[in-house]
Amino acid sequence: MIITPEVKNVVALNCFPPGCKEAVQRQVDYIRSQSALKNGPKRVLILGASSGFGLASRIAAFGAGADTLGVSFERGPSEDRSGSAGWYNNLYFREIAEEHGLYAKNLVGDAFSVSMREQVLSTIKADFGGKVDLVVYSLATGVRPDPESGNLIRSVIKSVGIPYTGLTLNIEKEQLEAVTLEPATLQEIDNTIKVMGGEDWADWIELLNRHDMLADGFKTVAYSYIGPESTQAIYHKGTLGHAKKDLQYHAEMMHEWLRPLGGDAWVTVCKALVTKASVFIPGLSPYVMALFKVTKAMGLHEGCIEQMYRLFFTHLYALNGPSLDAERMIRMDDWELRDDVQSQVNQLLEKITPDNFKDLVDYQGLRQDFMQLNGFGFDNIDYEKSK
Ligand code: NAI
Ligand code: NA
């Protein structure tokens, strides 16, 4: 039997575990081919460790010889379904880390919950000697239980103020379709800030500090996106952008109270990439495909692992520490936002239509990345094997 990908619009319904292993292995191979960090972290907690930027951060930390504790929300296999891709990423990463003599533990459950906080505290106490050097906050989710009432709060991806109309990719149908984002209500903006903003990040760091678990030189990062003018109505000026501004607000707060302890907190602005979370953002895909087309031609393309290695090597664990912008943010979107890149991207976006996008922009690149996130589309993997 040949296992084929099942996709509903932009959501993958299945995965191919040996391909997930290949995807993790390729990131590990990349990291091992780079120069090792000097003074890298030794004990790292990653919230959102199973895919995308969180997994790549974990692998970058592994490359520095770190023990890692990864928290994620994933589904294990059941009688009639395979588990989620992130579930297998967790397992395979741990296998590889252990082969290299490094500790890797996976905690699967809700990172917002009290019980997950308790599990993390007891693991740091038991297995990390009570201290952590780096916390990476890389959750991407649409829902969080209210810390007081327990009721579910849902984020929305909407514009703010005025509606947005554009095109978005339906991966299942391989079509660009018209999409309209309605302006969010104030309540929806608040909810999105609650789910994707900085409150939970700061709460985690405060909790670890209260338990005296922040090592000397402790660092924490959370990932943000800003993007060029052409995506701002959907992202930066929309509900998600409001949540990202709230990340920055909390980073500033933590900066004030961590510095006396020899620690620091930074928002890291990443480039646009294909992940489970990003393909879900209506209207962003034409931009991503245009960006990939231009940056690949210019030799400036990076995936999650290249971004995270560069973050660790040239910023977090660089001798002089990170270079920061005027707002104290680390800018991993520096290549994406170059004028020469954006002027070509804009030219493509002016021409893109539902009829020409497969040739005009990097449709195949986006599709391949999406398939590989779920273990499909590797030419060295045999999809005829079952399991
Ligand atoms: P992703 O979907 O690949 O990863 C999300 C992670 O969060 C997974 O490990 C998932 O299991 C975990 N997670 C979700 N809900 C959870 C919960 N309740 N408890 C525990 N774990 C949970 O997404 P991606 O793209 O790597 O996103 C990570 C961060 O990077 C987000 O803050 C996103 O906004 C940011 N970012 C993403 C960009 C992109 O283009 N993909 C660009 C710039 C920033
Ligand atoms: Na992640």
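The values are calculated or read from the model by the stated rules, or taken from the named source; none is laboratory data. The model shown is predicted, which means the values in this text are computed figures rather than measured ones. In this analysis, Cβ positions are derived from the backbone assuming ideal geometry, glycine residues included, and neighbour counts consider all displayed protein chains.
Filtered by the rule that a residue be in a helix (DSSP H, G or I), within 25 Å of I281 (Cβ to Cβ) and of a type outside the set (D, E, K, R), segment 175-219 gives L186, Q187, I189, N191, T192, I193, V195, M196, W201, A202, W204. Take the conditions in contact (Cβ under 8 Å) with a residue 24 or more places away in the chain, out of contact with any Leu (no Cβ under 6 Å at 6 or more places or on another chain) and among the polar types (S, T, N, Q) and apply them to Q175. Does it pass? Yes; evaluated as a whole, the condition is true for this residue. The set of residues in segment 29-59 that are part of a helix (DSSP H, G or I) and not charged (D, E, K, R) comprises Y30, I31, S33, G52, F53, G54, L55, A56, S57, I59.
Pairs, please: C-beta under 8 Å, at least 6 apart or cross-chain, first residue over 16 Å from L139 (Cβ atoms) and away from ligand 2 (no atom under 16 Å from the Cβ) and in segment 262-273, second part of a strand (DSSP E or B) and of a type in the set (V, I, T)? Listed pairs, sorted by first residue: G263/T220; D264/T220; W266/T220; W266/V221; W266/I330. Residues in segment 220-248 that are within 21 Å of the chain's Cα centre (by Cα) and assigned to a helix (DSSP H, G or I): T231, Q232, T239, L240, G241, H242, A243, K244, K245, D246, L247, Q248.
Only one of T168, T123, T180 is of a type in the set (S, T, Y), surrounded by fewer than 20 Cβ atoms within 10 Å (Cβ to Cβ) and under 30 Å from L349 (Cβ atoms); which?
Step by step, each of T168, T123, T180 is checked, and only T180 is of a type in the set (S, T, Y), surrounded by fewer than 20 Cβ atoms within 10 Å (Cβ to Cβ) and under 30 Å from L349 (Cβ atoms).
None of D146, D127 is out of contact with any Ser or Thr (no Cβ under 7 Å at 6 or more places or on another chain), at pLDDT 95 or above and among the acidic types (D, E) except D127. Does H250 satisfy being out of contact with any helix residue (DSSP H, G or I) (no Cβ under 7 Å at 6 or more places or on another chain) and away from ligand 2 (no atom under 16 Å from the Cβ)? No, not satisfied. Cβ separations smaller than 8 Å between residues 6+ apart or across chains give the following pairs from segment 46-58 residues that are under 21 Å from I124 (Cα atoms) and of a type in the set (V, I, T) to residues that are within 6 Å of ligand 2 (Cβ to nearest atom) and not in a helix (DSSP H, G or I): I46/S138. In the set (1) closer than 22 Å to G198 by Cβ; (2) away from ligand 1 (no atom under 16 Å from the Cβ), the condition left unmet by V120 is number (2). Evaluate the following for F62: is it closer than 22 Å to V108 by Cα, touching a His at 6+ places or on another chain (Cβ under 9 Å), within 16 Å of ligand 1 (Cβ to nearest atom) and outside any loop (DSSP other than H, G, I, E, B)? Yes, satisfied.
Here's the yes/no breakdown for (1) more than 30 Å from L167 (Cα to Cα); (2) within 16 Å of ligand 2 (Cβ to nearest atom); (3) buried (at least 20 other Cβ atoms within 10 Å of the Cβ); (4) charged (D, E, K, R):
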{"residue": "M1", "(1), (2), (3), (4)": "yes, no, no, no"}
{"residue": "N14", "(1), (2), (3), (4)": "no, no, no, no"}
{"residue": "R43", "(1), (2), (3), (4)": "yes, no, yes, yes"}
{"residue": "F53", "(1), (2), (3), (4)": "no, yes, yes, no"}
{"residue": "Y103", "(1), (2), (3), (4)": "yes, no, no, no"}
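Any residue at all in segment 254-272 that's in contact with a strand residue (DSSP E or B) (Cβ under 7 Å, 6 or more places away or on another chain), under 30 Å from D359 (Cα atoms) and assigned to a loop (DSSP other than H, G, I, E, B)? Yes, that holds for at least one residue.
Do we have G83 as within 10 Å of ligand 1 (Cβ to nearest atom) and under 20 Å from C20 (Cα atoms) here? When the stated conditions are applied, G83 does not pass them.
Can you pull out the residues in segment 162-219 that are under 30 Å from P354 (Cα atoms) and within 22 Å of the chain's Cα centre (by Cα)?
The answer is T168, L169, N170, I171.
Residues that are under 19 Å from the mean Cα position of the chain (by Cα) and either surrounded by fewer than 23 Cβ atoms within 10 Å (Cβ to Cβ) or closer than 18 Å to F376 by Cα (or both) within segment 63-92 comprise F73, E74, R75, S84, A85, G86, W87, Y88, N89, N90, L91, Y92, listed in sequence order.
Among the residues here, A243 qualifies as of a type in the set (A, V, I, L, M, F, W, C), in contact (Cβ under 8 Å) with a residue 60 or more places away in the chain, closer than 26 Å to L291 by Cβ and touching a Gly at 6+ places or on another chain (Cβ under 8 Å).
When K293 is tested against the conditions (1) farther than 30 Å from V28 by Cβ; (2) not in a loop (DSSP other than H, G, I, E, B), the lone failure is (1).
Within segment 360-384, the residues that satisfy the criterion of being under 20 Å from L300 (Cα atoms), away from ligand 2 (no atom under 16 Å from the Cβ) and not in a loop (DSSP other than H, G, I, E, B) are L360, Y363, Q364, G365, L366, R367, Q368. Determine if segment 17-28 includes at least one residue that is more than 21 Å from the chain's Cα centre (by Cα), surrounded by fewer than 24 Cβ atoms within 10 Å (Cβ to Cβ) and either in a loop (DSSP other than H, G, I, E, B) or within 16 Å of ligand 2 (Cβ to nearest atom) (or both). No.
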